[in-house]
Amino acid sequence: ERAAAGSDRAGVEEVKDVMKAEAEAFRRALSLALLHSNTSKTLSRELYIVDFGSGDGRFCAEFVRAAEALSTNLFVVAYEVSAGALRALRRRCLHNLGYTASSDGLSLATEKVTLILCEGDPLETPAIVCDRLSQCLPESKKFDMVLSGWGSTSAIPDLPGQTQRQLAFDTAFARLAPVLLQIVS
């Protein structure tokens, strides 16, 4: 109802970029994900990432900087339950960060980063969320890393018959990708 009335807000509108410690942790996690993805005989310079609780796109500039610094391409699925936050992310990427929109409007991209926007439902189970995230991947690809802010994970409520949902999401993320980075700002 709030989204339809235009009053859906992300609540973190004043935070425009990652902090230095977050950027360093993110790049270390990306390096670990690259090492893990390159255990086969073919050297990959492409990583598939979930940005769980992407909010209004605070990490979007860091995706570009990190991809450039590590000479890799990033395919990021930005999952968010707030329609207002996803609109703010889209605006930030298009107006301030040099992303362009695809012809179908479902993805944004720079030279080294492809960003797929995925609006979620706060009542979905971890299994349903992970299934929806995996459907965003190109065929035969798997996620290399899940990035989640502690605020996003800690805000997951328990529901009747579904206790310890936060733990259930973290467990599902551990199955979804070999690297999980939880940012506590």
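The values are calculated or read from the model by the stated rules, or taken from the named source; none is laboratory data. These numbers come from a predicted model, not from an experiment. Here the Cβ positions follow ideal geometry from the backbone for every residue, glycine too, while neighbour counts run over all protein chains shown. Note: areas computed on protein heavy atoms with side chains; ligands, DNA, RNA excluded. Shrake-Rupley method; radii C 1.70, N 1.55, O 1.52, S 1.80 Å.
What the table shows:
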read-out: Which listed residue is of a type outside the set (Ser, Thr, Tyr) and open to solvent by less than 50 Å² (accessible area, probe 1.4 Å), from ALA85, ALA69; value: ALA85
read-out: Residue match in region 141-152 (condition: of a type in the set (S, T, N, Q) and either out of contact with any strand residue (DSSP E or B) (no Cβ under 6 Å at 6 or more places or on another chain) or at pLDDT below 95 (or both)); value: yes
read-out: Filter result for the condition that a residue is more than 21 Å from LEU137 (Cα to Cα), of a type in the set (A, V, I, L, M, F, W, C) and touching a Cys at 6+ places or on another chain (Cβ under 9 Å), over LEU108, LEU115, LEU97, LEU70; value: LEU97
read-out: ARG175 vs. criteria of a type in the set (Lys, Arg), over 19 Å from GLU62 (Cα atoms) and open to solvent by less than 30 Å² (accessible area, probe 1.4 Å); value: no
read-out: Whichever residue in region 113-165 is basic (Lys, Arg) and assigned to a helix (DSSP H, G or I) and, among such residues, is farthest from LEU89 (Cα to Cα); value: ARG165
read-out: Residue list for region 143-164, restricted to those being touching a helix residue (DSSP H, G or I) at 6+ places or on another chain (Cβ under 8 Å), closer than 27 Å to VAL18 by Cα and not hydroxyl-bearing (Ser, Thr, Tyr); value: PHE143, ASP144, MET145, VAL146, LEU147, ILE156, PRO157
read-out: Residue count, region 166-185 (criterion: in a helix (DSSP H, G or I) and in contact with a Lys or Arg (Cβ under 9 Å, 6 or more places away or on another chain)); value: 1
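So that you can scan it fast, the table gives a plain yes or no per residue for (1) open to solvent by 10 Å² or more (accessible area, probe 1.4 Å); (2) in a loop (DSSP other than H, G, I, E, B); (3) not aromatic (Phe, Trp, Tyr):
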| position | (1), (2), (3) |
| --- | --- |
| ALA25 | yes, no, yes |
| GLU62 | no, no, yes |
| PHE75 | yes, no, no |
| ALA78 | no, no, yes |
| LEU89 | no, no, yes |
| GLY98 | yes, yes, yes |
